[in-house]
Each structure stands twice: as C-alpha cells, then as structure tokens.
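Since the structure comes first, as structure tokens, the remarks are kept for the end.
The values are calculated or read from the model by the stated rules, or taken from the named source; none is laboratory data. Predicted, not measured: the structure shown is a model, and the values here were computed from it. Don't worry about glycine lacking a Cβ; one is built from the backbone with ideal geometry, like all the others, and counts go over all protein chains shown. Note: areas computed on protein heavy atoms with side chains; ligands, DNA, RNA excluded. Shrake-Rupley method; radii C 1.70, N 1.55, O 1.52, S 1.80 Å.
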Amino acid sequence: MSAEKIKKAAVIGSGAMGHGIAELLALSGIEVTMVDINDEFLAKAMGKIKWSLDKFVEKKRIRREDADAAVQRIRATTSYEQAAKDIDFAMEAVPENMDLKRKVFTTLDSVAPPHAILASNTSTLSITEMGQATKRADRVAGMHFFNPPHSMALVEVIKGNDTSQETITTLVELSKKLGKTPIIVRKDVRGFIVNRVLGAVFNEAFWAFQRKEATKEEIDSSVKYTGGFPMGWFELADFVGLDIAYEVGIILYEAYGERFKPCAEVIEPLVKEKKFGQKTGVGFYDWTKGRPRIPFNLLDSYDVERSWAVAVNEAAWLIHDDAANPADIDTGMKLGTYWPSGPCEYADRTGLDVILNKLKELYGKYNIEMYKPCPVLEDYVSKGRVGKKAGRGFY
Ligand SMILES: NC(=O)c1ccc[n+]([C@@H]2O[C@H](COP(=O)([O-])OP(=O)(O)OC[C@H]3O[C@@H](n4cnc5c(N)ncnc54)[C@H](O)[C@@H]3O)[C@@H](O)[C@H]2O)c1
C-alpha cells in the first residue's frame, strides 16, 4: 500500500505522544480517530491539539482554514471497534508496557481491516513481539516519533523480524508526508538508534562521575561548551526524565550485556526518591527556578573525546549488527538530540584510527567493556579506512 492510500487512521492512546501524532496525521489530510480509556482524557487531548494548532496559526506556520480543517478531521472515542473498523493505518501510543501493548495489538488486529498497517511508538520494546500478538506481523512495525511530535523532525522506522519491506516503504513515505525525516532501523534492536547511542554516552559520563574523575558540572560544562552539544549529559538525562533514562539503561544492559553495564549508584538513588529531573523539579540538578546554569569556566575539566569515542563505538556496533547505516545513525543523532555532528561523520573527520586509539587507551585504563573497540572499527582501521584523510572511513 502506498502512503497516499492512507486516508483513515486510528491513534491509540491520546497522551503526550498520541495527541501530537493525531494532530500531524490530521494536518496532512488523514481522517483520525483517537482512542483512550475515558472521555476526560480524550477531551483533554482535543483541547491540546486545538491549542497547538492555534499556536501554529499565530506563528503563521499554517493558515487558519488549514487548522480548522485539521480539527474537523479528528474524532475521539473509547471504542476500538468504532475507531478502527475502516482504517488504513493505526498508531499505538499507550504506556510503555509489553502486556498492555500486546493486548492493544490483538484488539486492533481483530477490528481493523486486513490491509491496515499497525505501528507502535514504543521507545524500547520489541516490535516483533507486538507483531506476534496479531495475525498480520508483516504489517506491524515501529514508528518512533520524538517528543513533541509536531516539532521534532525525526522518526525511527523499525523493522520487526516479520515486518515486510513493503510496510517499511509505506511508513517511510508516510513519515515524509507528515513532514518528517525517517531513518530506518533494519533490525528490532533495543534502543533502536538514538537511545542506544545516547545510552552509551550517558553511561560513560555516569561512570566517570562515579569514579570521581569529574563532577557533573565539570562534565556538562565540557560537553556543552567544548563539545558543542546542546546540553550536558546530566542536564539532558534530567530533561529526558531519570525514570526513563534508568529504565532504558536496564533494557540496554539486558540486551547487550556488560557493554551497557549501568552505573546504578549514580542514578538509582535519585529514581528511588522520585527525583526524576525537570518534570519533578529535582534530579541531578534543581529545576525549580528554570534550566540549571552550567558553569562556563569548567569547560576543560572533562575530555569530551571520551563521549565521542563511545558514541562512535556504538555506531560501529549498529553497523556490525546490520541494524543501521552511517547516514541514518548521523541523521538520527543530529535530528533526534541536536548533536552538532553525527558520530560517523565525526569519526571520519577526526580519524577512525584516532578514535580507536582513544578506545584502546580507555579500555587499557579501566578494563570496562564499554570501551572495548567494536570489531568493525578494528577492521576498518586495519584496512586503512581511517576516514577523510584516507578517502574512506564510515563513508
Ligand atoms: N513521552 C515521550 O517523550 C515519548 C517519546 C517517544 C516515544 N514515547 C513512547 O510513546 C508511548 C506513549 O508515551 P506517552 O508519553 O504519550 O504516554 P502518556 O502516558 O502520556 O499517554 C498514554 C495514553 O494512553 C492511554 N491508555 C492507557 N491504556 C490504554 C488503552 N488500553 N487503550 C487506549 N489508551 C490507553 C492513557 O490513558 C494515556 O492517555 C510509549 O510507548 C512511550 O515509550 C514517548
């Protein structure tokens, strides 16, 4: 099915992500029905959509008549049957819980027409498992939007073990129709692309902090003002939510083992005290008076090359696992987290040999799996594929 054939959609779960995705679909001309567990949540979601569309009109990003037409295309119901009986596409955005998601997929499968594609917005869970809860696993895929969906340009399109190439092609086209930049995650790997690379740099920083090599302010100052990243790693973890960062950390550890050994001592006590970061007012930093001030004068206290080294190593593992290509990894990190450069292009500019030596130095010093060079990196360097200076690297 081509994306142009998607005329009707259902969005299951009208929370933070669901209502934003419904808004996007409606703006692109698709009739959408949102489903939630009660009318109150649905009314709230409709209110948020109208507010957001009004803002777009105010900022002259869309015309009033287009905003009104989008609102007219959105319905809301607590009935799956009513929402999905004649759809071409459904987007699942219920809370991150596999049992719940499996139930949603089984229900959707029983009410939606056979040709409809069912996608999940999960950040971490297995697309394959959700597909197996249906009789149409070839038409089940991941479509991971970033928060807030209306302003973040990136969508990770994820292939489950049984997802057909046709389904992926349709979702790539649909992402573009919604004004997004899709990247393809070719295998159902945990953390997909962005959270996996981010998980690696978070861990590196947490372990450095735990070993008292640098304070969080020193790390964040260096990452921000020397590295040119939009936020320091502790600041970003607070922004994402320490509960989420913690959970993702555990999922990555379960999936990849020692390479993602979480630094529990640093993050767990805060999570236990429900200090989740920005959303609760306190995390690593105090957010009660706004964004924390990261001191400028500490910008030389932590070697940002360490962050880059583990990011490049994880990018190499994604390539090793045949889960993604360098261009999609780079696009993902730039659009999903506003990194100044993607890890692969950074490595090509810096020299893969330089990155490899950094990893070897760190591995020798700390003997932690996180620093153990990925065989892909070793292989490229041994063949002289060391980046721009050699004419060939990741690119
Ligand atoms: N919030 C983010 O930053 C973000 C970013 C990317 C992906 N995600 C993923 O998107 C999904 C949704 O996250 P969210 O932040 O929007 O959650 P949320 O809690 O804001 O919204 C979930 C909604 O689902 C509804 N719901 C619960 N059970 C339901 C059911 N059985 N049927 C229909 N609706 C049901 C809830 O009432 C709620 O309105 C999760 O899988 C999450 O991992 C979240």
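Worth pointing out:
- Restricting ASP162, ASP109, ASP188 to residues that are modelled with pLDDT of 95 or more, under 23 Å from ALA83 (Cβ atoms), of a type in the set (Asp, Glu) and open to solvent by 10 Å² or more (accessible area, probe 1.4 Å) narrows the list to ASP109.
- Leading residue by the ranking (farthest from ALA3 (Cα to Cα)) among those in region 144-159 that are more than 10 Å from the chain's Cα centre (by Cα) and buried (at least 21 other Cβ atoms within 10 Å of the Cβ): PRO149
- Taking the criterion of being assigned to a helix (DSSP H, G or I) and either modelled with pLDDT under 95 or over 17 Å from GLU369 (Cβ atoms) (or both), the only residue of region 310-322 that qualifies is ILE319.
- Members of region 25-43 found to be in contact with a Gly (Cβ under 9 Å, 6 or more places away or on another chain) and away from the ligand (no atom under 11 Å from the Cβ), listed by number: LEU27, SER28
- Selection of first residues in region 5-19 that are at pLDDT 95 or above and of second residues that are in a strand (DSSP E or B) and open to solvent by 30 Å² or more (accessible area, probe 1.4 Å), restricted to Cβ pairs under 6 Å at least 6 apart or on distinct chains, gives the following pairs, ordered by first then second residue: LYS8/GLU31.
- Subset of region 323-355 [assigned to a loop (DSSP other than H, G, I, E, B), open to solvent by less than 10 Å² (accessible area, probe 1.4 Å) and farther than 22 Å from TRP233 by Cα]: ALA323, ALA324, GLY351
- Any pair with Cβ under 7 angstrom, 6 or more apart, that starts in region 53-69 at a residue that is open to solvent by less than 60 Å² (accessible area, probe 1.4 Å) and ends at one that is assigned to a helix (DSSP H, G or I) and among the β-branched types (Val, Ile, Thr): LEU53/VAL71; ALA67/VAL57
- The set of residues in region 1-25 being open to solvent by less than 30 Å² (accessible area, probe 1.4 Å) and over 23 Å from the mean Cα position of the chain (by Cα) consists of ILE6 alone.
- Consider region 271-293 and keep the residues that are within 28 Å of VAL189 (Cβ to Cβ) and out of contact with any Phe, Trp or Tyr (no Cβ under 7 Å at 6 or more places or on another chain). The one that is most open to solvent (accessible area, probe 1.4 Å) is LYS279.
- Residues that are within 13 Å of the ligand (Cβ to nearest atom), at pLDDT 95 or above and surrounded by 15 or more Cβ atoms within 10 Å (Cβ to Cβ), drawn from region 74-99: ALA76, THR77, TYR80, ALA83, ALA84, ALA90, MET91, GLU92, ALA93, VAL94
- Selection status of THR128, open to solvent by 10 Å² or more (accessible area, probe 1.4 Å), farther than 26 Å from SER307 by Cα and at pLDDT 95 or above: yes
- Listed conditions (1) out of contact with any helix residue (DSSP H, G or I) (no Cβ under 6 Å at 6 or more places or on another chain); (2) within 10 Å of the ligand (Cβ to nearest atom); (3) of a type outside the set (Val, Ile, Thr); (4) more than 22 Å from THR78 (Cβ to Cβ) are all met by PRO114, apart from (2).
- Residues that are away from the ligand (no atom under 13 Å from the Cβ) and outside any strand (DSSP E or B) occur in region 101-109; there is at least one.
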